[in-house]
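The values are calculated or read from the model by the stated rules, or taken from the named source; none is laboratory data. All of these numbers come straight from a predicted model, not from anything done at the bench. Ideal geometry is used to build each Cβ from the backbone, glycine not excepted, and the neighbour counts take in all protein chains shown.
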Amino acid sequence: MKMKKLFSYQLMVSLLVALVLTISIPIKLSAGVKDLLIIHSYSRSESNKWVSEQSQGIRSGFANSDYVFHELEMGTKKLPADQFKTKAAEVYEQVKVIDPALIFITDDNALKLMVPKIGKKIPVVFMGVNANIRLDYPWLLEYPNVTGILERPLIKRTLFLMKESLNLKPTKALLLLGTNQTGKAFLKIELNNQQSFKLVSFEVDVKASGEVKQWQEWIKSSKSDGYDLVLATTFLGLTAPDGSKENTNVFVKWMSANSPVPVFTVHTDVIGYNKLVGGMVLNGILFGEEAAKIAHEILGEQKPPKSIPYKTLTKGQLIFSKQQLVKWGFVIDKSFMGEVVLVD
């Protein structure tokens, strides 16, 4: 009888100890199993619609799940390049605390800065990356835990569709590029580093600069230089005369007010009232949704990331500003009305 009571007492003590340990240990038994992390190259606070759209698309892909999302922003649009590594180290400390089951990375800067720190264990799905992986990021091929979606610009398609959808008859167009990572990728990958090319019935000259002052000179003289329209791309982070980063919204409004010819673009968030006329733009939500599908393959179907080939999205959306159409006297051709989104 005494032995039985002793056994019961010991069993009770063991159960109580186990219960106390279960309650008091703050770590997760399966660390990060339901945590997903999004690391952005840029910041949503900078009115960058592209960033918010990608996040929205990713989250919509997990709308009916119980995964918990965390988001970190590197803000590299405004951050000086010599501070990128310090910022990456700070972000990585937060990654270790979150300990996610999978990480989404948006755009080139975060990919280059964070993958080497994250290592080869946590699955990574990137999107919005412009570079040619084999030429520009060959080191990435050594990471079996990384896959994603490449962004390919819609420059030539935008120029062609501006002509067709608005019944324009240009003889010469000016394509302006920045010299950031995206601008260099556009020039190299889609344009083969050409300084000019012919598109159907008109000529296109290509000019690139990272300086606001140079852009202003090109835009102000565009009409006298013989151009009928300007396509402005990759101008995030242009440098002002004092060496600081130019405010994108301010510069877009300057282009709208001072250009003697209509200015089009391939960037969603700079089309609108007192901004740019329009263009065939990539949709960040679609990128996010596709990235979410890849993540489900990894998390749900247990596919190794290395078994999922890189994807390329080229589907775009034709967007115009109603106010800018009126300003320039443009009328959308009836055959395009079902494809166009009007803003403002």
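For the condition at pLDDT below 90, within 16 Å of the chain's Cα centre (by Cα) and surrounded by fewer than 18 Cβ atoms within 10 Å (Cβ to Cβ), Thr234 does not qualify. Scanning segment 71-103 for residues that are surrounded by fewer than 16 Cβ atoms within 10 Å (Cβ to Cβ), small (Gly, Ala, Ser) and within 22 Å of Thr182 (Cα to Cα) turns up just one, Ala81. Among the residues in segment 276-295, are any of a type in the set (Phe, Trp, Tyr) and more than 19 Å from Tyr42 (Cα to Cα)? Scanning segment 276-295 turns up no residue that is of a type in the set (Phe, Trp, Tyr) and more than 19 Å from Tyr42 (Cα to Cα).
Just checking, which of Glu142, Glu164 is acidic (Asp, Glu) and not assigned by TED's automatic domain parsing to the domain that holds Ser256?
Values: Glu164 fails: not assigned by TED's automatic domain parsing to the domain that holds Ser256.
Unique residue meeting the criteria: Glu142.
Search segment 127-145 for residues being surrounded by 19 or more Cβ atoms within 10 Å (Cβ to Cβ) and touching a residue at least 40 places away in the same chain (Cβ under 8 Å), and hand back the single one that is farthest from Tyr42 (Cα to Cα). My answer is Asn145. In segment 54-70, what residues are surrounded by fewer than 16 Cβ atoms within 10 Å (Cβ to Cβ) and of a type in the set (Val, Ile, Thr)? Correct list: Val68 only. Exactly one residue out of Val206, Val230, Val252 is in a helix (DSSP H, G or I) and either of a type in the set (Val, Ile, Thr) or within 23 Å of Leu79 (Cα to Cα) (or both), and it is Val252.
Is segment 6-28 home to any residue that is touching a His at 6+ places or on another chain (Cβ under 6 Å), in a helix (DSSP H, G or I) and either outside the structural domain of Gly237 (by TED's automatic domain parsing) or modelled with pLDDT under 70 (or both)?
So the first thing to find is which residues in segment 6-28 are touching a His at 6+ places or on another chain (Cβ under 6 Å), and the list is none.
Scanning segment 6-28, I find no residue that is touching a His at 6+ places or on another chain (Cβ under 6 Å), in a helix (DSSP H, G or I) and either outside the structural domain of Gly237 (by TED's automatic domain parsing) or modelled with pLDDT under 70 (or both), so the answer is no.
Across segment 263-297, the qualifying residues are those that are surrounded by fewer than 21 Cβ atoms within 10 Å (Cβ to Cβ) and either in contact with a Pro (Cβ under 9 Å, 6 or more places away or on another chain) or free of Cβ contacts under 8 Å to residues at least 60 places away in the same chain (or both), and the one among them that is nearest to Leu318 (Cα to Cα) is Asn274.
Residue under question is Thr179, and the condition is that it be outside any helix (DSSP H, G or I), outside the structural domain of Trp50 (by TED's automatic domain parsing) and surrounded by 15 or more Cβ atoms within 10 Å (Cβ to Cβ); does it hold?
Values: outside any helix (DSSP H, G or I): yes; outside the structural domain of Trp50 (by TED's automatic domain parsing): yes; surrounded by 15 or more Cβ atoms within 10 Å (Cβ to Cβ): yes.
For Thr179, the condition - outside any helix (DSSP H, G or I), outside the structural domain of Trp50 (by TED's automatic domain parsing) and surrounded by 15 or more Cβ atoms within 10 Å (Cβ to Cβ) - is met.
Within segment 81-116, which residues are of a type in the set (Phe, Trp, Tyr) and either assigned to a helix (DSSP H, G or I) or not assigned by TED's automatic domain parsing to the domain that holds Leu140 (or both)?
Initial filter on segment 81-116 (of a type in the set (Phe, Trp, Tyr)): 84, 92, 104.
Matches in segment 81-116: Phe84, Tyr92.
The set of residues in segment 38-66 that are touching a residue at least 60 places away in the same chain (Cβ under 8 Å), outside any helix (DSSP H, G or I) and over 21 Å from Gly178 (Cα atoms) comprises Ile38, Ile39, Gly61, Phe62. Among the criteria (1) surrounded by fewer than 14 Cβ atoms within 10 Å (Cβ to Cβ); (2) over 20 Å from the mean Cα position of the chain (by Cα); (3) more than 21 Å from Lys245 (Cβ to Cβ), the one Ile122 does not fulfil is (1). Filtered by the rule that a residue be of a type in the set (Val, Ile, Thr) and in contact with a helix residue (DSSP H, G or I) (Cβ under 8 Å, 6 or more places away or on another chain), segment 320-338 gives Val331, Ile332. Of everything listed in (1) assigned to a strand (DSSP E or B); (2) in contact with a Gly (Cβ under 6 Å, 6 or more places away or on another chain), the single unmet condition for Thr158 is (1).
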